[in-house]
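Below is one structure, written out as structure tokens; comments come after it.
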Amino acid sequence: QVQLVESGGGLVQPGGSLRLSCAASGRTFISYNMAWFRQAPGKEREFVAAISWNGGSTDYQDSVKGRFTISRGNVKNTVYLQMNSLKPEDTAVYYCAAQTTQTMTRSYYDYWGQGTQVTVSS
């Protein structure tokens, strides 16, 4: 079993920045592809960004390219999402997810965190 815990959400003004963190515990001897998803009120959950188990590959939703950066920390199975130039439409609950398969994809993630709220508003 794997536990994912997100942190770093909050209220920020448009144009501001936030850094989300996700720490995985449990079967940490296994390396996972990691991703961030988000769900805005009244909308379906959507893919935001992913990073491969070795950090060699990343993938981003078009609406966040150039503004968001996903990275892995020095501590194994830790992932970050640096969010810059935030817009009101980025407001959502952000979820961290882990994928045990070797091929990184935008779906079929095995473990999920509880989510952290990001609100972009003036």
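Summary of computed values
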| read-out | value |
| --- | --- |
| Simple label model, 7 Å out from Cα along Cβ direction - residue 105 to residue 67, nm | 2.8 nm |
| Rounded percent of accessible protein surface that carbon and sulfur make up, the chain, 1.4 Å probe | 47 percent |
| Stretch gain in nm, segment residue 87-residue 17, where the contour uses 0.36 nm per residue and the Cα spacing is subtracted | 24.2 nm |
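The values are calculated or read from the model by the stated rules, or taken from the named source; none is laboratory data. Computed from a predicted model, the values in this text were never measured in an experiment. Here the Cβ is made from the backbone with ideal geometry for all residues, glycine too, and neighbour counts use every protein chain on show. Remember, those area values only see protein heavy atoms, side chains included, never the ligands or the DNA or RNA. Shrake-Rupley method; radii C 1.70, N 1.55, O 1.52, S 1.80 Å.
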